[in-house]
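Below is one structure, written out as structure tokens; comments come after it.
Every read-out reported here was derived from the displayed coordinates using simple, explicitly stated rules and does not represent laboratory data. Every value quoted in this text rests on a predicted model; they were computed, and no experiment measured them. Ideal geometry is used to build each Cβ from the backbone, glycine not excepted, and the neighbour counts take in all protein chains shown.
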Amino acid sequence: MADDSDDPVYYVISDLHIGGDEQLEEVEFLDELLTFLERLESTDENAELLINGDAFGLWEFTTVKGMEKFDVLESTYPELFEQLRATGESIPITLLSGNHDHELAAYDAYVDRFAEYNVELVQEPSIERPIGERTIHFEHGHQQDPNNRIEDWGNSHAAPLGYYYNTLVTSRAGQLSDRGRFNWLKDVQAVTPTERMPVWLGSKYFYREMNPLLRYALVPFLLLFNISAILAIIAGLDLIGVWSMPVDRTTAFLGQFGVAGTAVWFILSINAAVAGLLLLVGIPLYLIRRDVRKTIDRFGVFETELTVDAEAPYVEAATEIFEERPETAVFCYGHTHRPRLREIDGRVLVNTGTWLKRLHRRDGIIGVLPPVFYPSYQLCAVRIATDDDSIAVEYEAIEKPSPKAEELTLTERLLTLGREPDVELPEKAVIDAKTEQETDGTKPCA
């Protein structure tokens, strides 16, 4: 084996989603990306940078077509392309296409345009690289996703379901985002899975767009809704003579607190009346909705769920690669925006995450207030390198503060106090750098 200093070191990033219509042009992590590229420019390692798909949001451009999209990228982010050129003079930079920038594989002219900035564009869906005596398999990962799989690879007219979602929803959000009270709609790209979109929109309307006076008038009712619903049920039982409601004791207890207690009793009374009305309407509506869903399922109108499993397809795909090519030590992918590292029979399945903002749903502890979508960044690069006779796969975190102060209202911050998401990256994995045959037929061990 060669000296460690001569062994290749791979840095892998993916899912930058740079570019798009209007507000989607903003790249909130641009400074961190430039700093990362500058660091690689001055490294003394035998390094290669692999950008494993969805570097650019070409699907999100709807006002220009074809190679014009590159012209827009070039003029909008000149400092990024110049830094790519500078870094590419020091280390190889390899770019693979994902689903959002599949057009990179559809137009040969992209190869030449990126070459001007010392970036090698690979138009195949996957590539391999040597590591120790073994190999690494790289692919973006969308080919394992039925909603985004490109059946006719390299066809510029390929349009899976995800394409229509991004051109009709994501791109439109970028065009409309600055019309709100706050510029939040552009964060539509950070909502995963997409089935959370209606809930996210409702949440942002309540906490951001709703008239503040109306919102603060509703907060006490929504916070006390659970208690009010119980009181409404008790009142109903009292009305039909099943159980007598201890109204006098409740009134006496709250009366000890003077005006405040009277106000609480008044609010609870109104809330109980409204909650009772909602229960009377809601229960039959729920039963009707459930029956309609069963009928739809019987007729097979919707055969599959839209939500795609973010784990199982990649475990299956990696297992197949490991069986077909036993020398493969690492299966590296992106697409799902979830940093994951998993060992499979002495090999590693690793996801490179995303540089986009991530939104973490936090439901309220009490009441029926809309959930809060807590924003954070989890910028990282995956570093794959040999370590003596082993292969080390680890995440390198790139610090960027969470934007909660700017993007969360006071109400949202109070509701998530002490419930901030854990954004820790997976731990390092170390596996054997030799093939099974070179280890006397035994399987590589972690």
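If packing is taken as the average number of other Cβ atoms within 10 Å across a peptide's residues, how do 122-129, 153-160, 8-15 rank, most packed first? If you can, show how the numbers build up before the last one.
On the way: 122-129: 15.6, 153-160: 13.9, 8-15: 23.2.
My ranking of the peptides, most packed first, is 8-15, 122-129, 153-160.
Size check on the stretch 1-156: the Cα extents along the three principal axes, sorted descending, read 51, 34, 26 Å.
Note on the stretch 140-228: with charges restricted to the Cβ of Lys and Arg (+1) and Asp and Glu (-1), its dipole about the Cα centre is near 460 debye.
Across all Cα atoms of the stretch 46-110, the radius of gyration (one decimal) and Dmax (whole number) stand at 12.4, 41 Å. In a DSSP loop and with at most 16 other Cβ atoms within 10 Å, the GluC sites (Glu not before Pro) in the stretch 347-404 are GLU399.
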